[in-house]
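Okay, structure first, notes after.
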Amino acid sequence: MFTERFLRHRRGAKLTADERVALEACVDGVVNYPARQIVVHSGQKLEHSTLLVDGFMCRYQDDRRGLRQLVAVHVPGDFVDLHGYPLQTLDHDVAALTAVTIATVPHDALDRLTEERPALARKLWYSTLLDAAIHRAWLFRLGRLDAGGRIAHFLCETDARLQAVGLSDGSKFVMGITQTDVAEICGLTPVHINRVIRALREEQIVTFRHSLVEILDPVRLRRRGEFDPDYLYLNDEALQSNGSV
């Protein structure tokens, strides 16, 4: 089932079995993309929304020199561009960070779904509100945290989101992205990222090698990143490992 991870373990937005079947029935195709490929171009007319089934995707904007600033990272179970349903176009690019599998949902199917199932329509809206909450956390991270805090916060957030969809045990997870990607997420240079990650490893807080993140001291990592998972609206059972709640 392509939608089994969508809104999994989210407070106040659990899909009923019937709603999940109805959403699944809207999927009209499954596509695989290699890492680094643009999936949706800024300004492109949209007729489908993208549900991420496997892998990591990002939303980003380029500066005038062509350097990227990642403004969102998406994990399996995310509706990557659901906000493009009412907007019809996006003001940023959407790309695969790793090799990904996506399910496509036509907007005309969403029209019918939201008209026939208002409760499910509110849950789709809830999904876009979660995106907005994560954006606010990213603004806080970039505006108020130092380099170590930014990396710690991002790793805590990613771990929590992956725990919610069954892809982290709270102590280790495979992220599949590079330190250069982390630099573009945290607004830092790759050299700075490398230095900070080495320091976190030497302090026995976290290691990040060959796409594998191992959290050695979750309490210190959360403290370093001033991380509070409340903005992710996760049920408590999603974050039981290593005292994450």
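The values are calculated or read from the model by the stated rules, or taken from the named source; none is laboratory data. Just so it is clear, the structure is predicted and the values come from calculations on it, not from any experiment. Don't worry about glycine lacking a Cβ; one is built from the backbone with ideal geometry, like all the others, and counts go over all protein chains shown.
Of the residues making up the stretch 75-105, those that are surrounded by fewer than 16 Cβ atoms within 10 Å (Cβ to Cβ) and farther than 26 Å from Leu167 by Cα are Pro86, Leu87, Gln88, Thr89, Asp91.
Annotation: Asp169 fulfils all but one of (1) buried (at least 17 other Cβ atoms within 10 Å of the Cβ); (2) outside any helix (DSSP H, G or I); the unmet one is (1). Report whether or not Thr101 is over 30 Å from Arg198 (Cβ atoms), modelled with pLDDT of 95 or more, out of contact with any Ser or Thr (no Cβ under 9 Å at 6 or more places or on another chain) and β-branched (Val, Ile, Thr). Considered against the rule, which asks whether it is over 30 Å from Arg198 (Cβ atoms), modelled with pLDDT of 95 or more, out of contact with any Ser or Thr (no Cβ under 9 Å at 6 or more places or on another chain) and β-branched (Val, Ile, Thr), Thr101 comes out as yes. For the stretch 56-67, a tally of residues being within 15 Å of Thr104 (Cα to Cα) and either surrounded by fewer than 23 Cβ atoms within 10 Å (Cβ to Cβ) or among the aromatic types (Phe, Trp, Tyr) (or both) returns 0.
When you go through (1) touching a Leu at 6+ places or on another chain (Cβ under 8 Å); (2) surrounded by 15 or more Cβ atoms within 10 Å (Cβ to Cβ) one by one for Leu188, which number turns out not to apply? Just one mismatch for Leu188, condition (1). Kindly evaluate Leu46 against the criterion of being within 20 Å of the chain's Cα centre (by Cα) and either touching a residue at least 60 places away in the same chain (Cβ under 8 Å) or under 16 Å from Asp81 (Cβ atoms) (or both). No; evaluated as a whole, the condition is false for this residue.
When the stretch 191-217 is filtered for residues that are among the hydroxyl-bearing types (Ser, Thr, Tyr) and surrounded by 15 or more Cβ atoms within 10 Å (Cβ to Cβ), only Thr207 remains.
Summed over the stretch 42-74, residues that are assigned to a strand (DSSP E or B), more than 19 Å from Pro190 (Cα to Cα) and among the polar types (S, T, N, Q) total 2. Contact map, the stretch 1-29: first residue within 19 Å of Leu167 (Cα to Cα), second residue assigned to a loop (DSSP other than H, G, I, E, B) and aliphatic (A, V, I, L, M), Cβ cut-off under 6 Å, separation 6 or more or different chains; pairs are Phe2/Val27; Arg5/Val165; Leu7/Ala13; Leu7/Leu15; Arg8/Val165. Scan the stretch 17-54 for residues that are buried (at least 20 other Cβ atoms within 10 Å of the Cβ) and of a type outside the set (A, V, I, L, M, F, W, C) and the total you get is 3. Inspection of the stretch 75-92 identifies no residue that is of a type in the set (D, E, K, R), farther than 23 Å from Arg141 by Cβ, modelled with pLDDT of 95 or more and assigned to a loop (DSSP other than H, G, I, E, B).
The requirement of being within 17 Å of the chain's Cα centre (by Cα), among the polar types (S, T, N, Q) and surrounded by fewer than 20 Cβ atoms within 10 Å (Cβ to Cβ) is satisfied by Thr178.
If the condition is being among the acidic types (Asp, Glu) and either in a loop (DSSP other than H, G, I, E, B) or at pLDDT below 95 (or both), then the stretch 1-35 contributes Glu4, Asp28. Please verify whether Ser127 is in contact with a strand residue (DSSP E or B) (Cβ under 7 Å, 6 or more places away or on another chain) and at pLDDT below 95, treating the condition exactly as stated. No. The single condition among (1) more than 16 Å from Leu232 (Cα to Cα); (2) modelled with pLDDT of 95 or more that Trp138 does not satisfy is (1).
For the stretch 172-219, filtered to residues that are in a loop (DSSP other than H, G, I, E, B) and of a type in the set (Val, Ile, Thr), the residue that is modelled with the highest pLDDT is Ile205.
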